[in-house]
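Trainee: Supplied in structure tokens, the structure appears directly below.
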Amino acid sequence: MSLSSKIRLGVIGAGNIGGVHVQQFANLSELCKIQGITDIVQSRAQALAAQHSIPNVYTSAEALIQSEEIDAVIIGVPNQFHAPYAVQALAAGKHVLLEKPMGLNGADARQIYEASLASDKVLMVAHQMRFEAVASQIKEQVERGELGRIYTAKTGWYRRKGIPGWGTWFTQMEQSGGGPLIDIGVHMLDLALYLMGNPKPVSVYGATYAEFGPNRKGIGNWGTPDWNGIYDVEDLATALIKMEDGSTLSLEVSWAVHSDTDNTPFIRLMGSDGGATYRGAQGLLHTEKFNRPLDSELLKPEQDEGERMRLSRHFLDCIGSGRTPISSALTGLTNNLVLDAVYESSRTGNEVKLNWDV
Ligand SMILES: NC(=O)c1ccc[n+]([C@@H]2O[C@H](COP(=O)([O-])OP(=O)(O)OC[C@H]3O[C@@H](n4cnc5c(N)ncnc54)[C@H](O)[C@@H]3O)[C@@H](O)[C@H]2O)c1
């Protein structure tokens with residue numbers, strides 16, 4: 001690919017994940033060029049630009065989005081800004097790689113979904129777990145029909161002491177949309193639904209709890225606490241999600257909990273002909289042969305370029321080929337509708353039917 005046909009990327013947000021994306025795409029310099037970056041804290045954008053020889057530091061997200069030098073925008077800012085920037089970028093004719101959760105809530109996600117329908121550009125949600133080696137091997141077996149009909153699944157991720165950035169945007173409902181449910185639960189929900197074969201969620205019963213955060217307990221080492229800030233989100237969420245095809249998914253995630261957890265995300269798929277267990281870098285396939293239980297181990301290959309690299313390639317590939325990404329605006333909307341329903345169910349004490357009026 002010649003220099004002129006490389007995809008020119010602009011990064012909005014030079015925080016944790018902005019830095020990760022810059023690192024990944026910098027390794028794909030034969031396909032793309034990081035042309036610009038911005039952050040409301042300009043010094044962060046300047047530092048990352050200097051480190052990776054990024055030519056332009058824009059003074060605002062709007063200026064980056066409107067720039068004719070940018071083809072695709074990577075959005076890695078607090079959740080409340082996802083919809084405004086993604087909608088603006090699509091309207092300006094840019095492709096978008098948007099961090100998870102797609103929206104702060106279902107209403108924001110609907111806006112992004114509609115903007116994506118009205119655009120011929122790529123909108124991809126950054127669900128890198130779909131690209132993990134073990135998850136991909138399980139997906140392959142599901143697609144081959146080896147598990148038969150997956151009638152139920154269980155997923156979770158328990159952090160024992162892992163509240164990120166107490167008092168910062170992470171723990172403020174207005175800016176984040178929620179606690180561990182929207183932060184790590186969205187990854188597990190997304191991956192579980194994907195591995196189950198994308199059944200359509202129709203109803204949710206859920207509950208959320210905040211036993212640690214309000215008491216300034218359970219603080220993790222991700223992000224620097226701001227003790228002048230507030231904590232008004234949950235620190236554990238649990239839910240049962242029912243699908244149109246009758247299958248069910250149980251989900252439970254925590255930022256903080258008194259339990260014997262090793263902080264590994266997990267999924268158990270239970271199918272009519274086989275099962276699968278995902279535990280991060282390890283997995284198992286379960287079936288029966290010779291009238292005996294049989295397990296096959298799945299491992300991450302030693303030489304693995306990694307899920308984030310595959311995610312970055314997939315984004316660029318979708319731009320080049322016009323393909324719809326595997327984590328599209330519709331998957332982002334689905335996840336947000338389920339998350340909203342968990343919060344609503346927790347508030348009302350009732351089962352919530354999903355509003356698929358899109
Ligand atoms: N896919 C993953 O595994 C993963 C991991 C971490 C974070 N995330 C997501 O990435 C996003 C950012 O998280 P983070 O951990 O990088 O947070 P962060 O706080 O480290 O970084 C956010 C950056 O955005 C900047 N910013 C804030 N408001 C802005 C605005 N209006 N315009 C421009 N810049 C703005 C901040 O100054 C900061 O530098 C969140 O949506 C989060 O859920 C995803």
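The values are calculated or read from the model by the stated rules, or taken from the named source; none is laboratory data. No experiment lies behind these values; they were computed from the predicted model shown. All Cβ positions, even for glycine, are placed from backbone atoms using ideal geometry, and neighbour counts span all protein chains on display. Each accessible area value is taken on the protein alone, full model and side chains, heavy atoms only, with ligands, DNA and RNA left out. Shrake-Rupley method; radii C 1.70, N 1.55, O 1.52, S 1.80 Å.
Trainee: Which residue, L240, L181, L189, tops the fluctuation ranking in a GNM of the chain built on C-alpha contacts under 10 Å?
Mentor: L240
Trainee: Let me ask something else. Cut-off 10 angstrom, C-alpha nodes, Gaussian network model of the chain. Which of A118, A83, A109 fluctuates the most?
Mentor: Among A118, A83, A109, the largest mean-square fluctuation in the Gaussian network model of the chain belongs to A118.
Trainee: Something else: With θ set to phi - 60° and the Karplus curve 6.51 cos²θ - 1.76 cosθ + 1.60, what are the ³J(HN,Hα) couplings of region 204-212 in order, to the nearest whole Hz, using x for Gly and Pro?
Mentor: 9, 10, x, 8, 10, 9, 9, 9, 10
Trainee: Report, by chain and number, residues whose modeled amide H sits under 5 Å from the one on T168, excluding near sequence neighbours (fewer than 5 apart, same chain).
Mentor: Those lying under 5 Å, H to H, from T168 are D226.
Trainee: Starting from the eigenvalues of the Cα gyration tensor, five times each then square-rooted, give me the equivalent ellipsoid semi-axes of region 301-343, largest first, whole Å.
Mentor: 27, 17, 6
Trainee: Here is a follow-up. Using Cα springs under 10 Å in a Gaussian network model of the chain, which residue among D273, D190, D340 shows the largest mean-square fluctuation?
Mentor: Of D273, D190, D340, the most mobile in the Gaussian network model is D273.
Trainee: Here's another thing I want to ask about it. Over the chain, what is the percentage of antiparallel beta bridges among all DSSP beta bridges, to the nearest 5?
Mentor: Percentage antiparallel, nearest 5: 60.
Trainee: Of all the accessible heavy-atom surface of the chain, with the other protein chains kept in place and a 1.4 Å probe, what percent is carbon and sulfur?
Mentor: After summing per-atom areas, the C and S share lands at 48 percent.
Trainee: Note the direction-averaged projected area, equal to a quarter of the hull surface, for the Cα convex hull of the chain, in nm².
Mentor: 18.8
Trainee: Relative contact order, percent, of region 3-129 when contacts are C-alpha pairs under 8 Å separated by at least 6 residues?
Mentor: About 22 percent, as a whole number.
Trainee: To continue, here is another question. Show which lysines lie in cross-link reach of K161 when reach means a straight Cα distance below 26 angstrom and same-chain residues fewer than eight apart are skipped.
Mentor: K100, K217
Trainee: At 4 °C and 1.567 mPa s, grab the translational diffusion coefficient of region 1-149 from Stokes-Einstein with a Kirkwood Rh over Cα pairs, rounded to a whole number in µm² per second.
Mentor: In µm²/s, the coefficient is 80.
Trainee: Let me ask another. Find the centroid of the Cα atoms in region 252-293 and in region 1-61, then give the distance between the two in whole Å.
Mentor: Spelled out, the Cα-based centre of one part sits 38 Å from the other.
Trainee: Out of the chymotrypsin sites (Phe, Trp or Tyr not before Pro) in region 158-248, which ones are loop residues according to DSSP with at most 11 other C-beta atoms within 10 Å?
Mentor: Taking region 158-248 and a limit of 11 other Cβ atoms within 10 Å, the loop chymotrypsin sites (Phe, Trp or Tyr not before Pro) found are W227.
Trainee: Quick check: the angle from helix 42-52's long axis to the longest principal axis of the chain, C-alpha only, nearest 10 degrees?
Mentor: The angle comes out at about 90 degrees.
Trainee: Same structure again: Contact order normalised by length for the chain, with contacts defined as Cα pairs under 8 Å and 6 or more residues apart; what percent is it?
Mentor: It rounds to 19 percent for the chain.
Trainee: Under a Cβ-only charge scheme (Lys and Arg +1, Asp and Glu -1), can you give me the dipole magnitude of the chain about the Cα centre, in debye to the nearest 20?
Mentor: About 300 debye.
Trainee: On to the next question. When ligands, DNA and RNA are left out and all protein chains stay put, how many square angstrom of accessible area per residue does the chain have with a 1.4 Å probe?
Mentor: Accessible area per residue: 45 Å².
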